[in-house]
Protein chains: 2
Amino acid sequence: MKESWSSLDTLETNFRPLVVIELAKGTKEETIEWFTKRIVDKKANGGAQLLIKPLVTENGDENIYLVGASHLRLLLGAETVGLVKECNDNSMRAFTYSSRKTFKDFADDNQNFLTMSECQYIIKHELENLRAKDEKMIPGYPQAKLYPGKSIVRRLLTNGILVQIFPLHDREELKKLRHTWYGQVKIGYQPLDEIRCYFGETIALYFGFLEYFTFALIPMAVIGIPYYVFAWEDYDKYVMFATFNLLWSTVILEVWKRICAVMTYRWGTLLMKRQFEEPRPGFHGVLGINPVTGREEPVYSSIKRQLRIYLVSVPFVCLCLYFSLYVMMIYFNLEQWALDYHEENKSNFSSLMLYVPSIIYAVVIEIMNRIYRYAAEFLTSWENHRLESSYQNHLILKVLVFNFLNCFASLFYIAFVLFDMKLLRQSLATLLITSQILNQFAESLLPYWLQKRHMKKMKKRMHSLKMDTDLSLVEQVNSEKEMGTYFGTFDDYLELFLQFGYVSLFSCVYPLAAVFAVLNNITEIYSDALKMCRVYKRPFAEPTANIGVWQLAFETMSVISVVTNCILIGMSPQVNALFPDSKMDLILTVALVEHLLLAIKFVMAFVIPDKPRDIQIKLAKLEFESLEALKKQMFMESYSCLCDDMKEQ
Amino acid sequence: MKESWSSLDTLETNFRPLVVIELAKGTKEETIEWFTKRIVDKKANGGAQLLIKPLVTENGDENIYLVGASHLRLLLGAETVGLVKECNDNSMRAFTYSSRKTFKDFADDNQNFLTMSECQYIIKHELENLRAKDEKMIPGYPQAKLYPGKSIVRRLLTNGILVQIFPLHDREELKKLRHTWYGQVKIGYQPLDEIRCYFGETIALYFGFLEYFTFALIPMAVIGIPYYVFAWEDYDKYVMFATFNLLWSTVILEVWKRICAVMTYRWGTLLMKRQFEEPRPGFHGVLGINPVTGREEPVYSSIKRQLRIYLVSVPFVCLCLYFSLYVMMIYFNLEQWALDYHEENKSNFSSLMLYVPSIIYAVVIEIMNRIYRYAAEFLTSWENHRLESSYQNHLILKVLVFNFLNCFASLFYIAFVLFDMKLLRQSLATLLITSQILNQFAESLLPYWLQKRHMKKMKKRMHSLKMDTDLSLVEQVNSEKEMGTYFGTFDDYLELFLQFGYVSLFSCVYPLAAVFAVLNNITEIYSDALKMCRVYKRPFAEPTANIGVWQLAFETMSVISVVTNCILIGMSPQVNALFPDSKMDLILTVALVEHLLLAIKFVMAFVIPDKPRDIQIKLAKLEFESLEALKKQMFMESYSCLCDDMKEQ
């Protein structure tokens, strides 16, 4: 039996580098030896049974290793991570090695059954699950403690011995993808399936959402244009626009869930079983027994964490919110000053000066958002959450609250304290457009330019200016390891979220917002695509079945926008003219309409099923099959057990 | 191998009757023979492998059969239905025959490992899953068509050949239960675990909720009493009371989820896997292929059902709602007439007459609710839903909407159209108290009295007046089969739901409502207990993990009550006096407070975890174990598969 597992390696003829491991310069020999031995060691000995080769560079002082795996090893790994693939009968099923023949496109010699990003995900999973056995520390580094079951890679990362692990680009594939994605000048859908194959589900889902959201905004934009062109200020037209917007935003969010289900079903992630979540790399604590797994691992008291959250984080966030409001008041003083200046001078320069405070404020908001982001990350990681998901949720909550207030507080103030609709429209336009320009610049163009400059410098150093595809493996690894790291879709979603706020919160005052949003998103698709393909290292694929907490965030925003739009309409002079005698009737009517709209929203969200009918049937079919299989298995077990009992008697 | 399964029966020495089957008088011999043969037939032949004996009565013209099962058969059945039991290490696990030794209190000769109600549930499950093989019809009844896979019992029931199936009472156990439940005059908790053992989880959970809800109302009642005693009419006290009520109702509904989780974890139902849902007995259609199971079964077009719902049911419900409003207007005319009469005559009689319209209206409401209930049941079953759960949801929705409007429309009209707080208080009190008295009477006391009278008559006919426990089996079966059938907890929850409405919707106007609710619920516990133990046939146990759609209904009610209470407070003269100059400020303040309260409610519902931490850990532990087991199993499978491959090569 032992032979069959060890023969895994001998079967393999060619080594295909998939993942790069960069160790710190000057890492001790014994550490490297131990680490590589653990990686190639047999599964039965607690190894990862992967293949590893050092990258031989010219100067040779860098510790860079390439990791690959045999085809068979990858197939077994696909089973371990629970990949879901399409079968010959077009149904989606979890891949298992024993049932491999039933899967579409499977052949023992077909190396493309698993996509490259799936292979890299499997290798990452196997590396992260390489656990200490009886080592008390990392050989050569007594301060880097280990205990049985601790992930070795995570310890190496937190101790700085392991600099980074990243998957290699596939230059050929990337070129093809770039061409279909943004290479041609044509209007069309993005190649989401190809994006998913290359970058994984999380990123493909972001681009899918971005595209869907852009299409969903088009009706709003189309309806919004005549308001600007003809300068419609009629009450009934605004009410119609706002009502349409509110119901539309509910519909698009509900329909997205259905589209998302269709997509992730096709990709297999809708059916993927949730894996047991291990502690996140940065989590620390005293060694104890985990009550769930019964394993020895660091334990950190939940009360201490609560104390940190409520006594430090919450006050800090409140302070930041206060500071943000303070900056807002400074902005209003500036605005007033500019207005006064314009009144006094009445020149072209002074009328241009009118826009300056808004632009400065928009820039300051962006800067504050970015600084706060670092503080929030520091605080959340200091809170020492055990799970990555819990860390993410706390971080997202912190960032969302601050960004929301920071971006919209001034607009709320203008709308509901100053009652200045003209200023509101102007501020909204300035904030929206400035933040869009800043974002596009800071997110993609700046890094792209830096990257290009760096590449040029490097190539010059190599004394050769070859084409990208002609680079040797060594050059490819060297250039990719210097690229920036893509830290996930958080910032991209946040940008969309704030944009959704600009579009929906005050939609009845500034119908043109949707037009700008659509225009921005079209360029955003291209700049984000550029960013993914050319600026950053290839990220590891991350299987996911939905956009997670962002769905909730967008839905919350759409509920808030019902309230703000109703108030805005109630405040408009046209509506006020309809109730000349009694302000009370007006307010009561507005409140009634608001409650009605909210009720309709909730009923609509309840009535529209989250998954299309055919996906529901497919899921029910799978569940039915697994229940039947379980029943059969249980019957067989009891049967044999019963027979044994009978024999004994 | 065959011998071991057939030896199931020979092992058994004593036959314990558990379930009674009553066939229609004059059922053909061949049908009876075929049906009993199917019941006792071996599993391998598609039978249920149960035991069945005819009940020999004096006149012998009745087709009554007693069904039992061997101990071993019941254990295997427990595995099939997925019962969850406590293990020796105090964890809860799904029972399997092969792991039976690890369960607490298990011994091969311990017949009490499964409770009687569990045994009866298993037998019911096995009977319902007795399916046609190649029979085209029920022998002797060519019009009763069968097709492979159709449940025989359900076909017999819909064709009227099978009159009823019901579980037998256990006179001894029932006597004990009655004693601990309501036999002693003492204040204390109900014996929920014993109730669960005897009646099953659904009913125990209802009584648990009733008890919890009563306790939860006590703080409201205690705070409400001084308002009545001292005739407090201060604005600030009312606001305090209402605010307390609103937040309290959120807290109690959230805490109930936690308590429910603790209870159902202990009972094992929290962990029970959802079984695949078969079509409900009344479902009909043309034979087709079910896309989920691939089996032949009746199929009914979803579009037809939608048409029936939207073209018939919805208009009918609207018509009923309109009728209910029409009746309400008649009530207000009557009320006005009574007032005029009192003004003219000013006698004791006329002041008594003031209450008459309210009482008549309360009675009419109860009658309308009950008539509508039948109409809703008829309509929903005509809509031809495939699943029992879908049928129940549509029925509950129909009934809830109508009952809500019927019970509360007049109060809304008085509060928000007539602005008559005195009349509101009076109507609320009359409606609440009258409906409570009517319910108690119609639900328990009347059936109890009828039942007693019937029993006496029957006993007289038997020329003997023995004690209950001395009855022979024949007498017991004969008396129980005449008892009414308990149709589930629907009406009981509905009553509580409406009561919750009376207490919370207008709580700031009539703080005494909670006092009446508490008093009513205390007697309700006793009258419901009486109803369960003495009036109705024993119901089959129904495993459940929560109170289902009622949780949502109660939460919706508590959201609506935020709105109504805020408006009521805003309308009170004391609050109006605070804003002498501007009605607008008042309304804006009220709207702001309302939105704040709603926001707090949603945040609280989000922040309070649905399950206590220790239950969460236990569930996580089980999930972890099953994931580990799955991993191990998959590893073993791939391993052996791999070895086979190696040998081939």
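The values are calculated or read from the model by the stated rules, or taken from the named source; none is laboratory data. Everything numeric here is computed off the predicted structure, so don't read it as measured data. Counting neighbours? That spans all protein chains shown, and the Cβs are built from the backbone with ideal geometry, glycine included. Please note that ligands, DNA and RNA were not included when accessible areas were found on the heavy atoms of the full protein model with its side chains. Shrake-Rupley method; radii C 1.70, N 1.55, O 1.52, S 1.80 Å.
Checking each residue of region A:477-488 against the condition of being modelled with pLDDT of 75 or more, over 30 Å from A:TRP550 (Cβ atoms) and among the polar types (S, T, N, Q) gives at least one match. Restricting region B:579-593 to residues that are loosely packed, with under 13 Cβ neighbours inside 10 Å and not charged (D, E, K, R) leaves a set whose member that is farthest from B:CYS508 (Cα to Cα) is B:SER582.
Just for region B:52-77: of the residues that are in a strand (DSSP E or B) and either among the β-branched types (Val, Ile, Thr) or modelled with pLDDT of 90 or more (or both), which one is nearest to B:LYS481 (Cα to Cα)? Filtering region B:52-77 for residues that are in a strand (DSSP E or B) and either among the β-branched types (Val, Ile, Thr) or modelled with pLDDT of 90 or more (or both), the one nearest to B:LYS481 (Cα to Cα) comes out as B:ILE64. Of all residues in region A:126-148, exactly one satisfies the criterion of being surrounded by fewer than 18 Cβ atoms within 10 Å (Cβ to Cβ) and assigned to a helix (DSSP H, G or I), namely A:GLU128.
Flag not set for A:ALA629, criterion: open to solvent by less than 60 Å² (accessible area, probe 1.4 Å) and modelled with pLDDT of 90 or more. Considering only region A:155-179, state which residues are surrounded by 14 or more Cβ atoms within 10 Å (Cβ to Cβ), in a helix (DSSP H, G or I) and not basic (Lys, Arg). Hits for region A:155-179 are A:LEU156, A:LEU157, A:THR158, A:GLU173, A:LEU174, A:LEU177.
Any chance region B:116-124 includes a residue that's in a helix (DSSP H, G or I) and in contact with an Asp or Glu (Cβ under 6 Å, 6 or more places away or on another chain)? Walk me through it before giving the result.
The initial filter retains those residues of region B:116-124 that are in a helix (DSSP H, G or I), namely B:116-124.
Among the residues that remain, those that are also in contact with an Asp or Glu (Cβ under 6 Å, 6 or more places away or on another chain) are: B:116.
Yes.
Just a yes or no: is a residue in region B:536-545 among the β-branched types (Val, Ile, Thr) and either within 14 Å of chain A (Cβ to nearest Cβ) or open to solvent by 10 Å² or more (accessible area, probe 1.4 Å) (or both)? Walk me through how you get there before you give the answer.
Of region B:536-545, the ones among the β-branched types (Val, Ile, Thr) are B:544.
Still in the list and also either within 14 Å of chain A (Cβ to nearest Cβ) or open to solvent by 10 Å² or more (accessible area, probe 1.4 Å) (or both): B:544.
Yes, the conditions are met somewhere in region B:536-545.
Please work out if B:LYS237 is touching a Gly at 6+ places or on another chain (Cβ under 9 Å), charged (D, E, K, R), over 26 Å from B:ALA545 (Cα atoms) and open to solvent by 50 Å² or more (accessible area, probe 1.4 Å). When the stated conditions are applied, B:LYS237 does not pass them. Output yes when any residue across region B:437-453 is at pLDDT 80 or above, under 16 Å from B:ILE365 (Cβ atoms) and open to solvent by less than 10 Å² (accessible area, probe 1.4 Å), and no when none is. No, that holds for no residue.
Confirm whether B:ILE615 is in a helix (DSSP H, G or I) and within 27 Å of B:ALA415 (Cα to Cα).
Values: in a helix (DSSP H, G or I): yes; within 27 Å of B:ALA415 (Cα to Cα): no.
No.
How many residues, within region A:65-113, are basic (Lys, Arg), within 14 Å of chain B (Cβ to nearest Cβ) and within 26 Å of A:HIS169 (Cβ to Cβ)? Steps first, please.
First pass over region A:65-113, keeping only residues basic (Lys, Arg): A:73, A:85, A:93, A:100-101, A:104.
Cutting the leftovers down to within 14 Å of chain B (Cβ to nearest Cβ) gives us A:73, A:93, A:100-101.
Still in the running and within 26 Å of A:HIS169 (Cβ to Cβ): A:73.
Matching residues across region A:65-113 total 1.
Residues in region A:266-282 that are out of contact with any Asp or Glu (no Cβ under 8 Å at 6 or more places or on another chain), within 14 Å of chain B (Cβ to nearest Cβ) and at pLDDT 80 or above: A:MET272 only.
Scanning region B:368-380 for residues that are open to solvent by 50 Å² or more (accessible area, probe 1.4 Å) and either modelled with pLDDT of 90 or more or in contact with a His (Cβ under 9 Å, 6 or more places away or on another chain) (or both) yields B:ILE371, B:TYR374, B:GLU377, B:PHE378. Checked against (1) within 11 Å of chain A (Cβ to nearest Cβ); (2) open to solvent by 70 Å² or more (accessible area, probe 1.4 Å), B:ILE600 passes all but condition (1).
Taking each residue of region A:621-635 that is more than 8 Å from every other protein chain (Cβ to nearest Cβ) and part of a helix (DSSP H, G or I) and looking for partners that are surrounded by 15 or more Cβ atoms within 10 Å (Cβ to Cβ) and among the aromatic types (Phe, Trp, Tyr) with beta-carbon atoms closer than 7 Å, six or more apart or interchain, yields nothing.
Every condition in (1) in contact (Cβ under 8 Å) with a residue 12 or more places away in the chain; (2) more than 11 Å from chain B (Cβ to nearest Cβ) is met by A:PRO573 except one, and the failing one is (1). Against the test of being in contact with an Asp or Glu (Cβ under 9 Å, 6 or more places away or on another chain) and modelled with pLDDT of 90 or more, the options B:VAL19, B:VAL40 yield a single qualifying residue, B:VAL40.
Given the condition of a type in the set (Asp, Glu), more than 16 Å from A:ALA529 (Cβ to Cβ), open to solvent by 10 Å² or more (accessible area, probe 1.4 Å) and in a helix (DSSP H, G or I), answer yes or no: does some residue in region A:203-225 qualify? For region A:203-225, residues of a type in the set (Asp, Glu), more than 16 Å from A:ALA529 (Cβ to Cβ), open to solvent by 10 Å² or more (accessible area, probe 1.4 Å) and in a helix (DSSP H, G or I): absent. Looking at region A:232-250, can you tell me whether even one residue there is touching a residue at least 12 places away in the same chain (Cβ under 8 Å), within 18 Å of the chain's Cα centre (by Cα) and either within 14 Å of chain B (Cβ to nearest Cβ) or more than 21 Å from A:ALA541 (Cα to Cα) (or both)? No, region A:232-250 has no match at all.
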